[in-house]
């Protein structure tokens, strides 16, 4: 078994009387694409929120690369190597596309704070080239000086993905990267995800679209009522009766 | 938004310097070519340019910047009283002290954002204002205001030469800082201040501040610790305010607490919004417009209005005077308020947005790509 990069150990989280996460255990292997599926309200997004420091769990431990991430600030967790694509696109709507990707590139280079008020943006050739390059990869290079707020929802999601990729994170968390996308856009995103897979970046992906899940995932875990009910390769999950009952309502894939 | 090249920045600086330094010439025909008003333009220009670094870039609306203005003024006058009438140490001390005060106020206020931040800064400024009249009277001289006196120690000056007769005035190595020399001194500082602001706007640091304004959540999950960024912006803008306050004392060596009242904080917000928040030139336009019209409107009275309407029949002129007189003289603020409402409703981006719209009218619009594809699709359908 290869190196475990992210380990969620016995995490509990309640909102009032609702147990969102209940004895959650999850191990993500380095270099793998790990898909999390589960019905609505199963706690998938809550799980990601715990990983990036947005929510503090009631109990349990989350270890990333051998280090406990609980109690750390969101920016510290990101600097440690976890980037996340949100369910609703979190981009900089008032900045241009190229600036949107330059910001995370600077974060990777300069850390969480640097006071460089006198250096000039146009002398940052390297960062600009890298940003242009990644915009080209996601097919948005022609609009690079447009305001990001004017993009379509699908394009915003792709831009957000580019913003995470330019950081070269050790672990990329994707929360429904294709939700609300047209079929054409979805296929494009799958292509992009497959391309990233070749770079060996570890990914945790939450997705409802089974087409996406089965085309990119190495490993699938099924989350229901705040706990993992099954975990295995795509083929194992496909044939698991427990999963079919809990999640697919008995229908066959 | 594109990233402007270094060359273009330098070109803008050149034009800007030329426009500022020739102000006495081109403002003369407009009736504003006298030094007192010109000094005001430059000083409030510095204040607004600095305020814009906080409000324009990060979107944090401070209602307490008058406090730093006051700190700057008092510090400058104390420097005149205790050390020397030379303006450079006075300015240096003012900027540093205003920066320290801004760091303390900012550290506490920036724990909150939005309206809570605004209220905290307002509370601090009002605290300073009231303290100037009460517990801090030994420093501020209360309601009389801090003034120079013949008996001031002026340690450095007295070491170098005998104290002359009469009250000394602030100098820059012998040049007296009143009248036009005062204006040119302020103008040069304004140009430097504008240059620094331009550098900040076009630096990675400035871009990150804009990103914080745009989406602070994303910034945090992109690995940035936003607090020190915000605090730096707050301190820089506080130092600008301190600099403006010092220059007020340089051109007129007297510091009063009314400079720290909340209306002074409100005025700089007004100027920045009127001109265009987040643009480089906007706040300066706001300053020029407000200070210019303040000067004209507040000088008008009923006699002047009657003279202006003298071409009308008597009854009409009297009626016009009754209608317009609340808007002039003491009532100038009514005009300002109306102007502000009109701008915010119709041009939320201020005068700069208006100028941009005019520019777009004259520019040929690029063909809309969507319309083009629709038209082509229609044609193909017709063919098929």
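All of the numbers you see were taken from the coordinates with simple rules; none came from a lab. All figures in this text were calculated on a predicted structure; none of them were measured in a lab. Note: ideal-geometry Cβ built from the backbone for every residue, glycine included; neighbour counts use all protein chains shown.
Laid out as a table, the results:
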| quantity | calculated |
| --- | --- |
| Principal-axis tilt of helix B:6-21 within chain B, Cα atoms, nearest 10 degrees | 50 |
| Fewest-first ranking of B:327, B:11, B:80, B:194, using other Cβ atoms within 10 Å as the exposure measure | B:11, B:327, B:194, B:80 |
| Computed FRET value (nearest 0.05) for residue B:143 with residue B:169, which takes r as the C-beta separation and R₀ as 25 Å | 0.60 |
| Relative exposure of B:82, B:270, judged by other C-beta atoms within 10 Å (fewest first) | B:82, B:270 |
| Global form of the range B:166-317, assessed from the alpha-carbon gyration tensor, a/c cut-off 1.5 | oblate |
| Hull volume in cubic angstrom per residue (convex hull over the Cα atoms of the protein assembly as shown) | 246 |
| Packing-based exposure ordering (other Cβ within 10 Å, fewest first) of A:201, B:319, A:163 | B:319, A:201, A:163 |
| The protein assembly as shown, helix-only ellipticity at 222 nm - DSSP H runs n ≥ 4, -39,500 (n - 2.57), divided by all residues, nearest 500 | -18000 deg cm²/dmol |
| For the range B:19-278: Kirkwood Rh in Å [reciprocal of mean 1/r, alpha carbons] | 18.9 |
| Percent of beta bridges antiparallel (DSSP, the range A:163-253, rounded to nearest 5) | 50 |
| Choice from A:46, A:189, A:199 showing the highest fluctuation, given a GNM over chain A with Cα pairs closer than 10 Å | A:199 |
